[in-house]
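Each remark here refers to the structure printed beneath this line.
No value in this document is a laboratory result; all are computed from the given coordinates. All figures in this text were calculated on a predicted structure; none of them were measured in a lab. Heads up, the Cβs are rebuilt from the backbone with ideal geometry, glycines too, and the neighbour counts pull from every protein chain shown.
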Amino acid sequence: MQGKVKVTKNSSLSNTWNALKASIFFALILLSNLYGLKSFTDGFLLRREVLNSTSSCSNPPLNISQWNETSECWAPKLFSKAVIVVIDALRYDFLIPSNDSFYYHNALNTPYETSVSHPEHSVLLQFLADAPTTTSQRLKGLTTGSLPTFIDIGSNFAGTNVDEDNLLYQWKSLGKDIVLLGDDTWDALYHEFLNQTYSRPAFSFNVPDLHGVDRKVNRYLFDYIENAPWDILIAHYLGVDHVGHRLGPNHPTMTEKLKEMDECIKKMMDLIDDDTLLLVMGDHGMDSKGNHGGDSFDELNSALWMYSKRPAFKPFKPFGEGRFSKQVDLVPTLSLILGNAIPYGSLGTLIPEPFYFHGAKFLHDCMELNMAQINRFIQSYENEAENEYGSVAKPIVHTDNEYLDLFIKRYTSSQHIFGYFKSIWAEFSLLPMLTGFVTLVVGGLSLALLMNDTNATNNASDLLAITLKKIFLFSVPFLFLGTLIPTHYLMSLFTLVPNITILLELYRKVSFEFIFTIPSLHSLLALGLAILHVCSFGSNSFTIWEDQLTHYFCITFGFLMICKSFTNRDLRLTLDSSFWSILFIILQFLTSYITNCREEQGFFCTSTYVSTPENTLRSLITLSVSTLTSILLPYIFKNYLESVLKVTLSKRKQVILHIFEFLSSVFWIVQHILANNSSLEFKYGRMLVYIANIFLIGILTCLLWQISLFSVHINRDQKSGNGEVLIAVVEYYFIFALFSSLLLFLQRPLGKLSLISCLVQIFILLRIENSQSSPGVTFMSILLSILGLSHFFTTGNQAVISSLDWNFAFIHSTSAENQIINGILMFLHTLGGPIITCLSLPLFAAKPYTTKKVFFRYFLLLCSSFLLYYLSIAASTVFFAGFFRRHLMVWKIFAPRFMLNSILLFTQQLIIIIMCLWNSLFSFS
């Protein structure tokens, strides 16, 4: 008897060790794939080179003799001080009177009315931003006059000091006092230049707070204008942006906020003196849903209004009315107005109105300075003494018309230069892009071999040690080649080593009998649909409409399941499988009506995800249905476990699930009440934070407790040959239910309905999988992958930056004390659909009366097949992003889709690595 126990223990330890080694080998494949993805990213998303040169008053690019003795710097200054007011996300049409009924019209009227009635005192322009339309990148453009690259968007959430010449550096070098009130992004970028005694930066990413930052600005602003020692006073309001993010632009709260801004502008107009210039501008606009980050016209089109108490502007009629000015044009304009040198890397062009007021010759001379500065930058950047734009010409002119003609020529030339640099700063490095793509393809082949291996666990376990040794041995020569081959070439080639080594070892070990096995018809059809999806990313139209494409695929899979059910000889089983397949199709059809349209879909798509004042009744119905289904969800879990798996969910676990669903429902009911009543929100807004924290702390505590106590229960049963079977799958389901509750909480009511539908569809698939109508691993894993993507879209997301809902980053707090938590919550909200389907994989393997070895082998097979699909999409989006790198829509369509799939692949691989290691330890304990 003792010998038998000892053998059993040794066998258990051996199985655990084999499973652990197999999991590590599997993780090695996945990590190699991520390394390939990084290689492509390094080649595709490059940063532009930043010059360290700075301009100075002592070294002008062009000497204008009549100004040498009369000006402190390059040109005579027109104003001594400036109040710069940034109203975040101020779209140009918010300032223009209109007869329509939109809430964002006819509320902020002062700039337009003043410009029409007193054109010599003010000028209003459309202020065109460059993508990406995020605050940090726009502030860099507004202060340096240059173009941040696409990859710089990541720094919008972790601002770092600007390391190139900029307006604040120039002002500080002249001894000017710069005071900041509002958005702390300025402080993150330009801390060393600000007067820390008087500056009052405010946390900028608490999106649910509609009034806090604006109130802080107003608390100091008006008193500072009259009394504080400053030369440049920057006030950055965030209320308009936050209203847009939270409620959309067409909401009564937007009217209130714009009227508040209008009153602030009027007060500033009264307080400034004759030698102070007032500038009011937006850093970017917002789309119809209140979001920004992309490059749609509404996101790019902000406003610039300049005002002076004394006459200081003259309309420039050659350019017409309502004209555009690029945001980078503010840099040379404000530099010469305030009498400082233009920052060295600025590509902006003068806004003519303030200079034309002093005559055509003055405008021409200032433009000559501007053009000379641009030419100096070109020569430095391209390391050439001459360039294709030549040197600054100095023809002798006499009449105003001749001065104006020359100004327009220079202006046009500068626009061409701007376009030229905008194109060359999109250079790509082809070698790392190519090696990254090849690495992903090789990684996919490795997963395919592992997936078709009938002895995957043992083979993967056996290959771990030898594979690691060979990777190390093959890597050694690269250390010595470093002196002969350039580093960037060497690193690109080294990217291929791990995955090629793994593929060769699998090729040597795995049996290829599967090649001669004919797959079932439904598996072949599933593979065909998968190939269609993978190839669809070569079309911008299919990529734009991917949300509808995934719905069609899921519904097609549903019909294939109906067809599969008729292959059963048992009529009852056929009818049962057909019923659940039809229900799957109905749920998919209903959730397809939850849409959050992207700009390119135009009038062919109507957004239903975002609530507006016009559909208050629909919002109430949605909230009611969401609350009801949320309360019913624990019963759905209980019913499935009892009816299909013949196991019981304990009363304690049922109560825990009901408590969390109740808290979730209370949170969203309170949120709905407060969102439609600003006075109640101001008084009881903290209540939402308290409820959210109670929920989050409670569910995380339960999850950690359940995971720490987890073990696969063993029971002896006569039906099993060895007596050990996996019967207690309740733990898996309960942990899955807790994770699901967390993800449901982090969704708006319509998004919550979508994820509840996803959960029910997963239970339907589990019913079919546990019946005799199971269509097989390939079919199920592909369907689960597409199902997760379809619910990514129906939870309010698109493959565009502007669809991100930042409210969920601050659902638990109104501060940024822990940005890691903020990021995790945002991450879970955005990827809720794909995460739920990934977490469900153990449920498909944990069947009643399944031996432990079979469970782990089947789980590894499911994971390989599931990830192979995502890896195929990753390889496809990588290939087409690289292939269309010069396509007009690369940054609008192909690059964002590649970035989305990179995040999805990283997420799914991380979750699966954790689950594999966890199951290898507990499944055999």
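Determine the equivalent ellipsoid of the range 852-921 by diagonalising the alpha-carbon gyration tensor, then write out the semi-axes as square roots of 5 times the eigenvalues, largest first, rounded to whole Å.
Each semi-axis is √(5λ); the values are 33, 11, 6 Å.
Going by amide H atoms built from the backbone, whose H comes under 5 Å of the H on Phe127, apart from near neighbours?
Amide H neighbours of Phe127: Ser302, Ala303, Leu304, Ser325.
What shape does the range 753-873 have by the C-alpha gyration tensor, where a ≥ b ≥ c are the square roots of the eigenvalues, rounded means a/c under 1.5, and otherwise prolate means a/b greater than b/c and oblate the rest? Intermediate values should be presented prior to the final figure.
Values: a/c = 2.35, a/b = 2.03, b/c = 1.16.
It is prolate, given that a/c is not under 1.5 and a/b is the larger ratio.
For Tyr420 paired with Arg569, estimate the spin-label separation in nm (one decimal), with each label point 7 Å from Cα along the Cα-to-Cβ line.
8.0 nm
Whole-Hz Karplus ³J(HN,Hα) for the range 751-762, in order, using 6.51 cos²θ - 1.76 cosθ + 1.60 and θ = phi - 60°, x for Gly and Pro?
x, 5, 4, 4, 5, 5, 4, 4, 4, 5, 5, 5
Taking 0.36 nm per intervening residue step and subtracting the Cα-Cα distance, what contour gain separates Gln819 from Phe682 on full extension?
Taking Gln819 through Phe682 to full extension adds about 46.9 nm, to one decimal.
Give a residue-ordered list of calculated ³J(HN,Hα) values for the range 910-915 (Karplus: 6.51 cos²θ - 1.76 cosθ + 1.60, θ = phi - 60°; whole Hz; x for Gly, Pro).
4, 4, 5, 4, 4, 5
At what distance in nm do the modelled label points of Leu431 and Thr701 sit from each other, each positioned 7 Å from its Cα along Cα→Cβ?
According to this spin-label approximation, the distance is 5.7 nm.
Evaluate E = 1/(1 + (r/R0)^6) for Lys409 and Arg323, where r is the Cβ-Cβ distance and R0 equals 25 Å; express this FRET efficiency to the nearest 0.05. Write down the numbers at each step before the final one.
Details: r = 18 Å, r/R0 = 0.70.
Step by step, r from the Cβ atoms, then E = 0.90.
Among the Cys residues of the chain, which have no other cysteine Cβ under 4.7 angstrom away?
Cys264, Cys366, Cys535, Cys554, Cys563, Cys702, Cys758, Cys838, Cys863, Cys916
Which whole number in µm²/s is D for the range 81-130 by Stokes-Einstein, with the Kirkwood Rh taken over Cα pairs at 25 °C and 0.890 mPa s? Please report the intermediate quantities before stating the final value.
Numbers: Rh = 12.3 Å.
Translational D for this selection: 199 µm²/s.
What aspartates and glutamates sit close enough to Lys509 to cross-link, taking a C-alpha to C-alpha distance under 20 Å and skipping anything fewer than 8 places away on the same chain?
Asp453, Asp462
Computed over the Cα atoms of the range 626-672, what is the convex hull's projected area averaged over all directions, in nm²?
The directionally averaged projection comes out at 3.1 nm².
Take each of the peptides 119-129, 626-636, average the number of other beta-carbon atoms within 10 Å over its residues, and list them starting from the highest.
Peptide ranking by packing, descending: 119-129, 626-636.
Apply the a/c threshold of 1.5 to the C-alpha gyration tensor of the range 231-377 and tell me whether it is rounded, prolate or oblate.
prolate
May I ask for the distance between the Cα centers of the range 615-643 and the range 81-123, given as a whole number of Å?
Rounded to whole Å, the Cα centres lie 46 Å apart.
Per DSSP H run of n ≥ 4, the term is -39500 (n - 2.57); total these for the chain, divide by its residue number, and report the mean residue ellipticity at 222 nm rounded to 500 deg cm²/dmol.
-19500 deg cm²/dmol
What FRET efficiency, computed as 1/(1 + (r/R0)^6) with R0 = 25 Å and r the Cβ-Cβ distance, is obtained for Ser56 and Asp163, rounded to the nearest 0.05?
Efficiency at R0 = 25 Å is approximately 0.90.
How high is the relative contact order of the chain, in percent, counting Cα pairs under 8 Å that sit 6 or more residues apart?
Working: 1485 pairs, mean separation 149.4, N = 925.
Once divided by the residue count of the chain, the mean separation gives 16 percent.
State, to one decimal in nm, how far the label point of Phe474 lies from the label point of Asn455, with both points 7 Å from Cα in the Cβ direction.
So the label points at Phe474 and Asn455 sit 2.4 nm apart.
What shape does the range 200-242 take by its C-alpha gyration tensor, where a ≥ b ≥ c are the square roots of the eigenvalues and a/c under 1.5 counts as rounded, a/b above b/c as prolate, and the rest as oblate?
Judged from the Cα gyration tensor, the range 200-242 comes out prolate (a/c at least 1.5, a/b above b/c).
In the chain, with Lys and Arg counted as +1 and Asp and Glu as -1 at Cβ, which of these residues, Val85, Met268, Pro201, has the Cα nearest the positive end of the dipole, that is, farthest along it?
Pro201
Step through the residues of the range 331-347 one at a time and calculate ³J(HN,Hα) from phi using the Karplus curve (6.51 cos²θ - 1.76 cosθ + 1.60, θ = phi - 60°), rounding each to whole Hz and writing x for Gly and Pro.
Using θ = phi - 60°, the values come out as 5, x, 4, 5, 4, 6, 5, 8, x, 10, 5, 6, x, 4, x, 5, 10 Hz.
Of the trypsin sites (Lys or Arg not before Pro) in the range 843-915, which ones lie in a loop per DSSP and count no more than 10 other C-beta atoms within 10 Å?
Working: sites: Lys852, Lys853, Arg857, Arg885, Arg886, Lys892, Arg897; in loops: Arg885, Arg886.
Listed in order of number, the matching sites are Arg886.
First obtain the Kirkwood hydrodynamic radius of the chain from its Cα pairs, then insert it into the Stokes-Einstein equation at 25 °C and 0.890 mPa s, and state the resulting D in µm² per second as a whole number.
It comes out at roughly 80 µm²/s.
On a 28 Å Cα-Cα criterion, which of the cross-link pairs Lys289/Lys309; Lys21/Lys653; Lys38/Lys853; Lys638/Lys852; Lys257/Lys309; Lys77/Lys317 come out too long?
Result: Lys289/Lys309; Lys21/Lys653; Lys38/Lys853 exceed 28 Å.
Using mean Cβ contacts within 10 Å as the protection proxy, how do 176-186, 798-808 order, highest first?
The peptides rank, most packed first, as 176-186, 798-808.
Could you tell me which of Thr622, Ile232, Ser446 has its Cα farthest along the dipole of the chain towards the positive end, charges placed at Cβ (Lys, Arg +1; Asp, Glu -1), taken about the Cα centre?
Selected residue: Ser446.
If you take the beta carbon distance between Leu174 and Phe542 as r and set R0 to 51 Å, what does 1/(1 + (r/R0)^6) give as a FRET efficiency, to the nearest 0.05?
Given R0 = 51 Å and the Cβ-Cβ separation, E is 0.40.
Can you list residues from other chains, or at least 5 along the same chain, whose modelled amide H is less than 5 Å from the amide H of Arg200?
Sorted by chain and number, the residues that satisfy this are Leu180, Leu181, Gly182.
In nm, what is the difference between 0.36 nm times the number of residues separating Arg215 and Val666 and their Cα-Cα distance?
Length difference between fully extended and current span is 159.4 nm.
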